[in-house]
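I have placed the structure first, in the form of structure tokens, so that the comments after it can refer back to it.
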Amino acid sequence: MTPTASTPEAPFSDREIDPRITSAVAHWGGRFAAHGIATGDFAEVTRDLVSWDQWCDAWSARGEVHAALGAAAEVEGRLVSAGGHLVTAALCYHYGKFLFVQDVPRMRGAHLRAVELHTRALPHLSPSGERVTIPFPGRDLQGVLRRPIGVTRPPVVLLVSGLDSTKEEAGPHEAALLARGVATLAFDGPGQGEAEYDLPMRHDFEVPVGAAIDALSAREDVDADRVGLWGRSLGGHYVVRAAAFEPRVRACVSLSGSYRVLDTWERRPGLNRMAYVVRSHSSSEDEAARRLEAFDLAGVTEHVTCPMYVVGGTADRLTSHEVAVRIASEVRGPVRLNVIEGGTHTGSNKPYAYRPEAADWLAAMLAA
Amino acid sequence: MADEQVEAAIQHWAPRFVSNGIPLHDFRETTAGIDRWDDWCAAWVARGRVHEELAERALEGGHRLTAGEHLVTAARCHHFGKFVFVEHPDEMRAAHLLAVDAYTRALPLLRPPGRRLEIPMGAATLVGVLRVPEVASPPPVVLLVSGLDSTKEEVDAYGEHLLARGLATLAFDGPGQGEAEYAVPMRHDFEVAVGAVIDVLAGIPTVDGDRVGIYGVSLGGHYVVRAAAFEPRVRACASISGSYRVLDSWAGRPRANRMAYQVRAHLDSEEAVEAFLVDYDLAGVAERVTCPLYVVGGTRDRLTPPTAAERIAREASGPVVLDVVEGGNHVVNNMPYRYRPQVADWLVEVLGAGASA
């Protein structure tokens, strides 16, 4: 799909397509497909969009298609199918919401529906999921805990989202770990998902990670003495910070995390910067940029002593793979560095080039 | 600028490749590097090698599950290099051997694992892969039937939804398909192949050979209707985008498709193929199907119009579920969520799985 200029030969193609739509179609197909959006859904939903303003409603409508399939399956007792359809429904709503930051009321409406549908899916998944509340100052955090079938007191990995991902988008990451005997806790931290309206994003991510480990420590069904982190995108930055200052973290996987967020600030797409403004509860780009000064791993990486697995991609538009190299060179513990040739941001175009290996590595580190 | 055949491939095949296990980016990157159709097979084999190398590294580290995943992807890459590359038989067969080899190496690493079965059919031998989920008592088993250019290495992908619901799967290469295609030409009376498979299942105690379903895609969706009509041991049949009469859409088919028919029928001219395909006709056949039937068509199918699904559904004599998917392409692989879970649930209901688990 390309933007079409008005020409006399093409009277019906003289709509200016919003460059944000053009860019979305060009860049997001891989991420959406890797998380389970069907090729036909992506093509149909994006085909007729001309304005970014239509994005959220278009994906929400597609979410309702899957929600209806899920509801029918629930009524008929086809529960495996119900779980699958409801997860996809939530994912469609999530993608409607994830960067729709210029219209917070509509974004939040779609988000509520994503959470509701995902929550409804949880009992039908294999293994099932359980909503977990993590006590936190100002507002409790919400997570989804899933435990591998047939494993007593498994180690557990916290799945840390980034700027625009949430726990509802964690499915494939959960699956890779669960298949290897590791429990998963995908949770929305400050500035993320369910917490983003009340709690601005914060650089000292060891605080929410510590709160999550506290909550896990109260449970008998996972082993909170064997906790790993798995962070993607900005979450790949957060987990390095958390591994540096939260000593209970035993192993850490960082995917495409920035070293210093402001290093790439000016080159970021406008929607990305606006998401930082909204989720840091700033009133302007300047204010957001001031807050982001603390999002810097200088002097932080050298505090990381647990084993680390660091992933970068040579085709990453947002975070150069050189950042992964730098993080890997500065941490103090054992490091595995995986720079994916041709890999895009978080390796979502080639998940096979890191995901199974990183999951194997974490399982080994946590003695799953 | 890629030639016309490559352009058509890029335009039409992404949904099938992706829904059967090729990462979208692998599809784009691999096809973007192909200028001439003649280079198609080599490019996919090279991509398959990438996944094989990942598998070898995983095995060295003792990571069997990961190795299995990579080998399946490798096998599918090699398979798609081979699948309609019939104008270069030696290269096609070499890629095919790689696909079979990678898949065979994956089998013990899969969850549940797979096991190769040899199936005597007259003087010939067919090969299938049996996968049995961990359930309390021998589950029903569903035969996964390929079409003109799919093979067991590809159609095993349709089995994932079945395994997750407690059904065993047996993907096999019938006459004119996969491992059999060089020695055994395709044949319209596919009940012979299905019957041979069911005979073998009777001797396998880990599955219930009295509860057999068949699930066919594309030309396999035609074959299964034929088999359900004449093989009384078939207890349920799912037909996805099967032709009613193959010749009805003959002229509109891409050249590579017609050529594949010629090669896999072991014939030497298009005229001979057309004469041969007269028997690929469900008139008088569909009406003999008395077992429960689930029929799927897509309104945007370029190869088989949805009217074929409607006609099959109308003529069959047993209980029928008809699902014509709005916007669905051939085998509705652009929207697999529209039929794969539903067909799996339906097979569970008809064959009675789950209750025994």
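Rule-based calculations on the coordinates, nothing more; no lab input. Here the structure is a predicted model, which is why all the values come from computation and not from measurement. Methodologically, a virtual Cβ is constructed for each residue, glycine included, from the backbone with ideal geometry; neighbour enumeration extends over all protein chains shown.
From helices alone, chain B scores -13500 deg cm²/dmol at 222 nm; the rule is -39500 (n - 2.57) for each run of n ≥ 4 DSSP H residues, then divide by the residue total. An ellipsoid equivalent to the protein assembly as shown, defined through the eigenvalues of its Cα gyration tensor, has semi-axes of 45, 28, 25 Å when rounded to whole angstrom and sorted largest first. Take the Cα of B:T290, go 7 Å toward its beta carbon, and the backbone nitrogen atoms of region B:174-213 under 19 Å from that spot belong to B:191-192, B:195, B:210-213.
Taking each residue of A:39-45 in turn, how many C-beta atoms of other protein chains fall within 10 Å of its C-beta, and what is the average?
Mean shielding count: 6.
Shape class of region B:119-171 from the alpha-carbon gyration tensor: oblate, with a/c at 1.5 or above and b/c at least as large as a/b.
Run the helix sum for chain A: -39,500 (n - 2.57) per DSSP H stretch of 4+ residues, divided by residue count, reported at 222 nm to the nearest 500 deg cm²/dmol. Calculated mean residue ellipticity at 222 nm is -13000 deg cm²/dmol. On full extension, the segment bounded by B:R64 and B:F230 gains 55.5 nm, given 0.36 nm per residue less the C-alpha separation. Among B:G21, B:G328, B:G284, the largest mean-square fluctuation in a Gaussian network model of chain B (Cα springs under 10 Å) belongs to B:G284.
Lysines near B:K82 by alpha-carbon distance under 20 Å, same-chain residues fewer than 8 away left out - which ones? The qualifying lysines are B:K152. Round to the nearest 0.05 the FRET efficiency obtained for A:R219 and A:A367 when R0 = 22 Å and r is the Cβ-Cβ distance. It comes to 0.75.
Extending 7 Å from Cα along the Cβ direction at B:A124 and again at A:A298 yields two label points whose distance is 7.2 nm.
May I ask for the longest run of chain A untouched by GluC sites (Glu not before Pro) that are loop-located per DSSP and have at most 11 neighbouring C-beta atoms (other than their own) within 10 Å?
For GluC sites (Glu not before Pro) (loop position, at most 11 other Cβ atoms within 10 Å), the longest site-free span of chain A is A:17-219.
Shown for B:R28, B:R264: other C-beta atoms within 10 Å of each C-beta, ranked fewest to most, produce the order B:R28, B:R264. Compute the label zone of B:T307 within region B:241-263: residues whose backbone N is under 17 Å from the point 7 Å along Cα-to-Cβ. The answer is B:241-253, whose backbone nitrogens lie closer than 17 Å to the label point. A simple rule links phi to the HN-Hα coupling: the Karplus curve 6.51 cos²θ - 1.76 cosθ + 1.60 with θ = phi - 60°, which for region B:144-157 gives 9, 10, 7, x, 6, 10, 8, 9, 4, 5, 8, 6, 4, 4 Hz, with x for Gly and Pro. Expressed to the nearest 5 percent, the antiparallel share of DSSP beta bridges inside chain A is 30 percent. Checking the a/c ratio against 1.5 first, then a/b against b/c, what shape does the Cα gyration tensor give for region A:226-298? Note, shape of region A:226-298 comes out prolate.
In chain B, which longest range has no GluC sites (Glu not before Pro) that are both DSSP loop (not H, G, I, E or B) and surrounded by at most 16 other Cβ atoms within 10 Å? The longest such stretch corresponds to B:135-325. Taking label positions 7 Å along the Cα-Cβ direction at both A:I149 and B:T104, the computed distance is 3.1 nm, reported to one decimal. Helices of chain A meeting both criteria, an alpha-carbon length of 24 angstrom or more along the long axis and an average Kyte-Doolittle score not below -1.0, with helices taken as full DSSP H segments, are A:55-75, A:79-97, A:104-121. Computed about its Cα centre, the charge dipole of region A:223-368 is approximately 220 debye, with only Lys, Arg, Asp and Glu carrying charge at their Cβ. In the elastic network of chain B, a GNM with C-alpha springs shorter than 10 Å, the most mobile of B:A136, B:A168, B:A42 is B:A136.
The phi torsions of region A:48-54, fed into the Karplus equation with coefficients 6.51, -1.76 and 1.60 and a -60° offset, translate into couplings of 9, 7, 10, 10, 4, 4, 7 Hz, rounded to whole numbers, with Gly and Pro shown as x. Taken as Cα centroids, region A:162-204 and region B:228-299 sit 48 Å apart, rounded to the nearest whole angstrom. Counted by neighbouring Cβ atoms within 10 Å, the residues A:R180, A:R250 run from fewest to most as A:R250, A:R180. Extension gain for B:E326 to B:R258 (0.36 nm times residue separation, less C-alpha to C-alpha distance): 21.8 nm.
What the phi angles of region B:98-110 give under the Karplus curve with 6.51, -1.76 and 1.60, with θ = phi - 60°, is a coupling list of 5, 4, 5, 5, 5, 5, 4, 5, 6, 3, x, 9, 7 Hz, glycine and proline written as x. Anisotropy class assigned to region A:77-174 is oblate, per the alpha carbon gyration tensor with a/c at or over the 1.5 cut-off and a/b no larger than b/c.
Considering only B:A238, B:V325, A:A89, and ranking their Cα positions along the charge dipole of the protein assembly as shown that arises from unit charges at the beta-carbon of Lys, Arg, Asp and Glu, the one farthest toward the positive end is A:A89.
Springs between Cα atoms under 10 Å define the GNM used for chain A, and in it the highest mean-square fluctuation of A:D103, A:D316, A:D57 occurs at A:D103. The fewest-to-most ranking of A:S81, B:S19 by surrounding Cβ atoms within 10 Å reads B:S19, A:S81.
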